[in-house]
Amino acid sequence: MTSAERVGVVGTGLIGTSIAMAAIRAGDAVRGFDVSAEVLERAAARSGLAPARSLEECVRGATLVFVCTPIPSLAELAVRALAAAPEAVVSDVGSVKGTVTAEVVRRADPADLGRFVGGHPMGGSERSGPDRASASVLDGVVWVLSPTPGTDPSALERLEAWTRRIGASPVRMEAERHDRLVAVVSHLPQVASTALMGLAAAEEAGEPQMLLLAAGGFRDLTRLAASSPRLWADILLANREEVAGALERYAARLLELRELILQGRGVEVEEAFAHAKAARLALAAKPQVKAGVAVLQVPIPDRPGVLGELTAALGAAEVNIEDLQIVHSPEGGRGTVHLTVAASAAEDAERVLRERWFEPLAGSLAARGLPAPHTVVEPGRSV
């Protein structure tokens, strides 16, 4: 069994606090620091991390350090952490790797660079702040690790082992390739969601009933528009060239589809939809469940009794619930239950839920070999 780590978390927002909670769940000791004393206090209350009065105090004696601040400050704080924690492997969680990694390499003491590994856990939410944090944010997520040419292989291996231990799936990837890929699958969706919501808001000025007609599809597509404007401005500008290229290619596809529709070419329109559907279904293919436990994500309406129906269905099938957390939609009216069961019971759990009208998200089963944490259900909700 991997020994416990001493973890320092610099920046205790959604991701930083979620990392702290996952580490504590796995048996690690965690200290945290944030420039906002009020945010740090909330993070400590939420996660159980020990608050520190400075970055240096936070990382002193640490074996792993995660810098979880906005992109403009990541490199500076990572360099400070490397200097203040000579025993620690230091990583960041930035959504852009090329510029951050290059800046760390440029500014850090060469003797410290062997302990730096760029990182990006591909999880999160349009919501922000420690109050929305949860260890389950990291369950089953891909955690990109981008070593520099000077990274010590043992530091990379240690960080890989830790990410697996807390339930994530580490993937090694060069910083430049990471930035090119996330421009399409992460940054472009944010821009598209924002642009669509902006268009609808502008159109609503002349049609005040327009948004009354907005159903699930529109709400799903514009969910990301509720994200932090400052955070996303930083991300997009840091990856501007790749984002600009992705936008050009996306715009070209939209214009191609526009022409097919205008010309009444129904066969080609249907083919475009069929191709996209096949790609989406391949994306949602269920991953193999390994030893340990599995997490299912189950969308539910926010109404009295629905959670009882879900748990009763599993109870009747003798499926034990190891952990349960509700993630509520910022729009209200619905949410997603993150349901943890034994891996051996995962298939039965999914079958039973589908028989009782629940629809677990395709591909939502994620395995992890961890002890179950405590149940978290936000208070004051009718679900």
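Worth a mention:
- Residue among Ala279, Ala294 that is under 25 Å from Val185 (Cβ atoms), outside any helix (DSSP H, G or I) and either at pLDDT below 95 or aromatic (Phe, Trp, Tyr) (or both): Ala294
- Residue list for the range 15-56, filter: surrounded by 21 or more Cβ atoms within 10 Å (Cβ to Cβ), closer than 18 Å to Gly123 by Cβ and in contact with a Pro (Cβ under 6 Å, 6 or more places away or on another chain): Thr17, Arg25, Ala43
- Test: residue in the range 182-202 that is without any contact (Cβ under 8 Å) to a residue 40 or more places away in the chain, closer than 30 Å to Ala4 by Cβ and touching a helix residue (DSSP H, G or I) at 6+ places or on another chain (Cβ under 8 Å): no
- Positions within the range 157-182 being over 16 Å from Gly94 (Cα atoms), open to solvent by 10 Å² or more (accessible area, probe 1.4 Å) and part of a helix (DSSP H, G or I), in sequence order: Glu157, Arg158, Glu160, Ala161, Arg164, Arg165
- Cβ-Cβ distances below 9 Å connect the following pairs, each with a first residue in the range 1-26 that is on the phi > 0 side of the Ramachandran plot, a second residue that is at pLDDT 95 or above and small (Gly, Ala, Ser), and a separation of six or more residues or different chains: Gly11/Gly32; Gly11/Ser73.
- Any hit, the range 104-118, residues being crowded, with 22+ Cβ neighbours inside 10 Å and part of a helix (DSSP H, G or I): yes
- Filter pass, Thr151 being assigned to a loop (DSSP other than H, G, I, E, B), in contact (Cβ under 8 Å) with a residue 12 or more places away in the chain and over 30 Å from Ala225 (Cβ atoms): yes
- For the range 238-264, a residue qualifies if it is in contact (Cβ under 8 Å) with a residue 12 or more places away in the chain, of a type in the set (Gly, Ala, Ser) and surrounded by fewer than 17 Cβ atoms within 10 Å (Cβ to Cβ), and exactly one does: Gly245.
- Looking only at the range 57-86, and only at residues there that are out of contact with any helix residue (DSSP H, G or I) (no Cβ under 7 Å at 6 or more places or on another chain) and not aliphatic (A, V, I, L, M), the one that is surrounded by the most Cβ atoms within 10 Å (Cβ to Cβ): Cys58
- Residue in the range 132-142 that is more than 30 Å from Ala343 (Cβ to Cβ), in contact with a Gly (Cβ under 9 Å, 6 or more places away or on another chain) and open to solvent by less than 10 Å² (accessible area, probe 1.4 Å) present: no
- Selection over the range 183-237 of residues that are surrounded by 13 or more Cβ atoms within 10 Å (Cβ to Cβ) and more than 30 Å from Thr99 (Cβ to Cβ) gives a count of 8.
The values are calculated or read from the model by the stated rules, or taken from the named source; none is laboratory data. Not measured: the values here are computed from a predicted model. All Cβ positions, glycine included, derive from the backbone under ideal geometry; neighbour counts span all protein chains shown. Remember, those area values only see protein heavy atoms, side chains included, never the ligands or the DNA or RNA. Shrake-Rupley method; radii C 1.70, N 1.55, O 1.52, S 1.80 Å.
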